[in-house]
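Notes follow once the structure below has been shown.
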Amino acid sequence: MAQGNGEYDLVVIGAGPGGYVAAIRAAQLGLKVACVEKRASLGGTCLNVGCIPSKALLQSSEKFAEVSHGLERHGISAGKPKLDVAAMQANKDKIVSENTGGVAFLFRKNKVTAITGAARIAGIGKVEVNSGKPQTLAAKNILIATGSEPVPLPNVPVDEKRIVSSTGALCLDAVPKRLVVVGGGYIGLELGSVWRRLGSEVTVVEFLDRIVPAMDREIGQQLHRTLEKQGLKFRLATKVVGAEANKSGVTLRIAGAANGKTETLDCDVVLVAIGRRPHSDGLGLMEAGVAVDNAGRIAIDSDFRTSVEGIYAIGDVVAGPQLAHKASDEGIAVAEILAGQAGHVNYDAIPAVVYTAPEVACVGKTEEELKEAGVLYKVGKFPFTANPRARILGATEGMVKILADAKTDRILGCHIIGAEAGNMIHEAVVAMEFGASAEDLARICHAHPTLNEAVHEAAMAAGARAIHI
Ligand code: FAD
């Protein structure tokens with residue numbers, strides 16, 4: 001990457017999906033922009049060690065599972081498939097470098113100056129970059145987009161070999177015989193699914209009494225049952241209190257969350273995936289007077305302004321869902337605000353997807369959230385067993401669930417568990433963005449035979465007039 005100098009309208013710290021998108025959009029709007037990234041390649045967590053490599057491995061492992069036991073009903077027998085983990089990892093690495101290289105290309109195209117090094121705020125309008133040869137950039141505005149990092153688990157030290165974070169779990173060079181995943185959130189379940197499909201015995205240890213706690217409970221319970229059917233084992237209401245790694249594996253000490261009863265669990269690899277925390281160490285926030293909240297996230301107002309004039313923050317380092325598309329939308333919004341436009345993010349319509357098989361996707365409120373808020377709502381559900389395309393695909397597990405306001409019929413939430421849920425959810429996102437009612441969705445003609453007909457039927461079910469159930 002080039003070395004930048006001089007006066008910038010905007011210096012962005014961090015080249016993840018928040019920072020790099022903000023840098024490009026600001027440059028498109030005529031600002032002189034530099035983006036400082038301490039990693040050797042651009043794209044942040046998402047492109048390097050997050051969304052992209054995890055989905056590459058999910059795709060490969062899904063193919064392996066399909067060839068292993070998904071083709072017989074089509075009359076196809078491919079024999080026992082052989083697995084080449086090195087080739088699978090090389091494919092993932094190639095996808096990652098094509099994507100990170102794509103960001104470098106976009107920076108050149110949009111004349112964003114990319115600077116490699118760790119940045120620190122050295123006062124109003126000053127960013128110090130430590131890259132062997134220290135330099136100070138003068139900036140009219142600074143945007144902090146430094147993302148997040150895995151939360152460590154006390155007494156379970158990550159060595160990225162036997163005890164790994166998500167980064168290590170993406171790089172294993174062999175299928176572990178026994179894998180324990182600590183944490184039943186989406187990262188643990190996705191990576192657990194990858195190695196389960198490739199043959200690992202996977203046990204998920206979760207402190208709470210349910211997996212994916214933020215998800216609509218009914219959908220989360222169905223995901224739990226489905227993953228169990230795929231052979232993942234779950235130890236709920238259980239905490240991990242320590243781990244000893246030795247040459248042949250790891251002995252985990254676990255305890256009942258309620259009764260404290262301890263036992264041990266032996267495995268070959270442990271994945272610690274208990275969440276991510278804002279990454280703001282070494283940025284000089286305290287010295288600069290930038291306020292953080294109780295969770296260590298940088299505090300911002302609705303225009304992404306921190307407590308210090310000229311310093312803004314977006315993405316995983318601030319509050320809100322830790323998702324790449326949320327970070328990118330904030331990046332676009334803050335760039336437009338800096339260019340004098342009216343940037344805006346609608347936090348009520350941000351989709352979230354879990355890329356297990358089947359996928360889970362949601363937008364808006366869960367049923368539990370509506371109950372807690374005392375909102376009167378109605379529910380429309382449609383199972384994929386009654387959808388012809390799902391039968392053709394052999395993917396009849398799951399359902400679409402639409403929650404609408406009981407009085408106005410406005411769609412308040414949509415939750416899908418099923419094949420292609422991550423693509424399908426966007427129909428509900430668009431509907432919610434435009435303030436649609438369930439009836440609006442029910443009156444839209446849907447192509448046949450498609451999975452989206454289940455969304456259509458769920459919308460009709462919200463008005464008690466589903467046809468195919
Ligand atoms: P990041 O992507 O974390 O980027 C921040 C960048 O700032 C990093 O590259 C870091 O090196 C750099 N940086 C930090 N400090 C400094 C400094 N002082 N100086 C210079 N540079 C600095 N989200 C989804 O939406 N979909 C998914 O499918 C998905 N899958 C995921 C799978 C895994 C395994 C993981 C770990 C995460 C996943 N995420 C997913 C979350 C997603 O990666 C994050 O929400 C997203 O990357 C946040 O973007 P960001 O720009 O805020 O920060």
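Each value in this text was obtained by applying a stated rule to the coordinates, not by laboratory testing. All values reported here derive from a predicted model rather than from experimental measurement. Backbone-built Cβ (ideal geometry, glycine too); neighbour counts: all protein chains shown.
Computed 3J(HN,Hα) for region 107-121, one whole-Hz value per residue from the Karplus formula 6.51 cos²θ - 1.76 cosθ + 1.60 where θ = phi - 60°, is 5, 4, 4, 9, 6, 8, 7, 9, 10, 8, x, 8, 9, 9, 7, glycine and proline marked x.
Taking only the Cα atoms of region 216-282, the ratio Rg/Rh comes out at 1.06, with Rh defined as the Kirkwood radius.
For region 121-174, the convex hull spanned by the alpha carbon atoms encloses 147 Å³ per residue. With the gyration tensor restricted to C-alpha atoms of region 1-70, the semi-axes of the equivalent ellipsoid amount to 37, 12, 7 Å, longest first. Based on the Stokes-Einstein relation at 20 °C and a viscosity of 1.002 mPa s, and on the Kirkwood radius from alpha carbon pairs, region 168-294 is assigned a translational diffusion coefficient of 134 µm²/s. Residue by residue, region 159-176 carries 3J(HN,Hα) couplings of 10, 6, 10, 8, 10, 10, 8, 4, 4, x, 5, 7, 10, 4, 9, 8, 7, x Hz when phi is fed to the Karplus relation 6.51 cos²θ - 1.76 cosθ + 1.60 (θ = phi - 60°); x denotes Gly or Pro. Using a Cα-Cα cut-off of under 19 Å, which aspartates and glutamates could be cross-linked to LYS63, ignoring same-chain neighbours fewer than 8 residues away? Cross-link targets: GLU72, ASP84, ASP93, ASP173, GLU190, GLU201, GLU359, GLU397, GLU420. To the nearest 0.05, what FRET efficiency results for ARG410 and CYS445 with a Förster distance of 22 Å applied to their C-beta separation? About 0.55, to the nearest 0.05. Considering region 343-408 at the alpha-carbon level, its Rg and Dmax are found to be 14.7, 43 Å.
Shape summary of region 335-464, radius of gyration then Dmax from alpha carbon positions: 15.3, 51 Å. What 222 nm value per residue comes from the helices of the chain, counting each DSSP H run with n ≥ 4 as -39,500 (n - 2.57) and dividing by all residues, nearest 500 deg cm²/dmol? About -9500 deg cm²/dmol. Among LEU227, LEU441, the ranking by other beta carbons within 10 Å of each residue's beta carbon, starting with the fewest, stands as LEU227, LEU441. Using C-alpha pairs under 8 Å with a sequence gap of at least 6, the mean separation divided by the residue count of region 152-259 gives a relative contact order of 25 percent. Loop-only trypsin sites (Lys or Arg not before Pro) in region 1-87, please: DSSP not H, G, I, E or B, and at most 13 other Cβ atoms within 10 Å. Passing sites in region 1-87 are LYS82. Close amide H contacts of SER148 (hydrogens built in the peptide plane, cut-off under 5 Å, sequence separation of 5 or more or a different chain): HIS279.
Expressed as a whole percent, the proportion of Cα-Cα pairs in region 225-264 lying more than 16 Å apart is 50%. Each semi-axis of the equivalent ellipsoid for the chain is √(5λ) with λ an eigenvalue of the Cα gyration tensor; in descending order they amount to 37, 30, 22 Å.
Within region 339-426, the trypsin sites (Lys or Arg not before Pro) that combine a DSSP coil assignment with at most 10 other C-beta atoms in a 10 angstrom radius are LYS407.
Where both bridge residues fall in the chain, DSSP classifies roughly 60% of the beta bridges as antiparallel.
Counting neighbouring Cβ atoms within 10 Å and putting the fewest first, the residues GLU244, GLU420, GLU427 line up as GLU244, GLU420, GLU427.
Sorted fewest first by neighbouring Cβ atoms within 10 angstrom, THR251, THR113, THR146 come out as THR251, THR113, THR146. Oblate is the label for region 91-163, because a/c, from the alpha-carbon gyration tensor with a ≥ b ≥ c as root eigenvalues, is 1.5 or above and a/b does not exceed b/c. Using θ = phi - 60° in the Karplus curve 6.51 cos²θ - 1.76 cosθ + 1.60, the 3J(HN,Hα) couplings for region 141-148 round to 9, 10, 10, 8, 9, 8, x, 9 Hz; x is entered for Gly and Pro. Applying D = kT/(6 pi eta Rh) to region 295-346, where Rh is the Kirkwood radius over alpha-carbon pairs, T corresponds to 25 °C and eta to 0.890 mPa s, the Stokes-Einstein value obtained is 222 µm²/s. Only Cα pairs under 8 Å and 6+ residues apart enter the sum, and on that basis the relative contact order of region 338-469 stands at 28 percent. Dividing the Cα radius of gyration of region 23-124 by its Kirkwood radius returns 1.21 for Rg/Rh.
Working from Cα pairs under 8 Å separated by at least six residues, relative contact order for the chain is 14 percent. From the Kirkwood radius over Cα pairs of region 255-363, Stokes-Einstein at 20 °C and 1.002 mPa s returns a whole-number translational diffusion coefficient of 126 µm²/s. DSSP finds beta bridges in region 1-142, and of those with both partners inside it, around 45 percent are antiparallel. Global dimensions of region 394-469 from alpha-carbon coordinates: Rg and Dmax equal 11.5, 38 Å. With a/c under 1.5 counting as rounded, go ahead and sort region 114-217 into rounded, prolate or oblate using the C-alpha gyration tensor (a ≥ b ≥ c being the square roots of the eigenvalues; past the cut-off, prolate if a/b is larger than b/c, else oblate). Prolate is the answer for region 114-217, as a/c is 1.5 or above and a/b outweighs b/c.
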